[in-house]
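S.K.: Below is a structure I'd like to ask you about.
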Amino acid sequence: MGHIVYLMNLSLDGFIEGPDGSFAWGRPDEELHQFFNQQAQDFSAFLYGRRMYEVMSVWQTVDTEPSASGFMAEFARIWKSKPKAVFSTTLEKVSENCLLVRGDIAAEVARLKQEHHGDLAVSGPGLASAFARLGLLDEYRQVLSPVLVGGGKPYFPQLDHLVPLRLKETRTFQSGALYLRYQRA
């Protein structure tokens, strides 16, 4: 059975989006985008909360845009091909290849782990925090961008308990970004 992996790009000061809600500061170069493409290819499914699902839905059409680079179009094709589960009580519907989840998070994650063989990627700090509180996150993967944004949405909202981790992998990119992969200890 696969792991539940929380993977996000974040600023050095710990934010996934800036004070204005923008992600533009973390736009990956080709090398880093290829890394994200490989990560996406290796996941068996994506798990999102409403907000992150809405942000990521832009990838539904990127591969049809003439101005899209080859690596961006590749990511769009990978993203569209993978099943997605969207945990939301406010959405009425989701797009093709997506499951809308409204029930018990722990029960749904257990079912998804049985259904999908391989690692499942969770994105977004709200959903990741809910998973962490329930002890459902197995790995934390961060790509630290060499920028300080000064505020915004933190990678991880405050938890009510300690989560011991052990470092499993690191990688440095030409841009100065740093990949850190931790597993629960």
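The values are calculated or read from the model by the stated rules, or taken from the named source; none is laboratory data. Please read all numbers here as calculations on a predicted model, not as lab measurements. Backbone-built Cβ (ideal geometry, glycine too); neighbour counts: all protein chains shown. What goes into the accessible areas is simple: the full protein's heavy atoms, side chains included, and nothing from ligands, DNA or RNA. Shrake-Rupley method; radii C 1.70, N 1.55, O 1.52, S 1.80 Å.
S.K.: Looking at HIS116, HIS161, which one is open to solvent by 40 Å² or more (accessible area, probe 1.4 Å) and more than 17 Å from THR89 (Cβ to Cβ)?
M.R.: HIS161
S.K.: Criterion first (of a type in the set (Asp, Glu), open to solvent by less than 60 Å² (accessible area, probe 1.4 Å) and at pLDDT 95 or above) does ASP13 satisfy it?
M.R.: Against the criterion (of a type in the set (Asp, Glu), open to solvent by less than 60 Å² (accessible area, probe 1.4 Å) and at pLDDT 95 or above), ASP13 qualifies.
S.K.: Can we say TYR182 is touching a residue at least 40 places away in the same chain (Cβ under 8 Å), open to solvent by 60 Å² or more (accessible area, probe 1.4 Å), among the hydroxyl-bearing types (Ser, Thr, Tyr) and in contact with a Phe, Trp or Tyr (Cβ under 6 Å, 6 or more places away or on another chain)?
M.R.: yes
Let's see how each residue does on (1) at pLDDT below 95; (2) among the basic types (Lys, Arg); (3) closer than 27 Å to ALA106 by Cα:
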site: ARG27; (1), (2), (3): yes, yes, no
site: GLU30; (1), (2), (3): no, no, no
site: GLN34; (1), (2), (3): no, no, no
site: ALA40; (1), (2), (3): no, no, yes
site: PHE43; (1), (2), (3): no, no, yes
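S.K.: A further question follows. Among the residues of region 53-94 satisfying the criterion of being among the basic types (Lys, Arg) and either in contact with a helix residue (DSSP H, G or I) (Cβ under 8 Å, 6 or more places away or on another chain) or surrounded by 13 or more Cβ atoms within 10 Å (Cβ to Cβ) (or both), which is farthest from ASP29 (Cα to Cα)?
M.R.: Among those that are among the basic types (Lys, Arg) and either in contact with a helix residue (DSSP H, G or I) (Cβ under 8 Å, 6 or more places away or on another chain) or surrounded by 13 or more Cβ atoms within 10 Å (Cβ to Cβ) (or both), it is LYS84.
S.K.: So which residues in region 60-87 are within 27 Å of PHE131 (Cα to Cα), at pLDDT 95 or above and out of contact with any Cys (no Cβ under 8 Å at 6 or more places or on another chain), if there are any at all?
M.R.: Selection gives PHE75, ALA76, ILE78, TRP79, LYS80, SER81, LYS82, PHE87.
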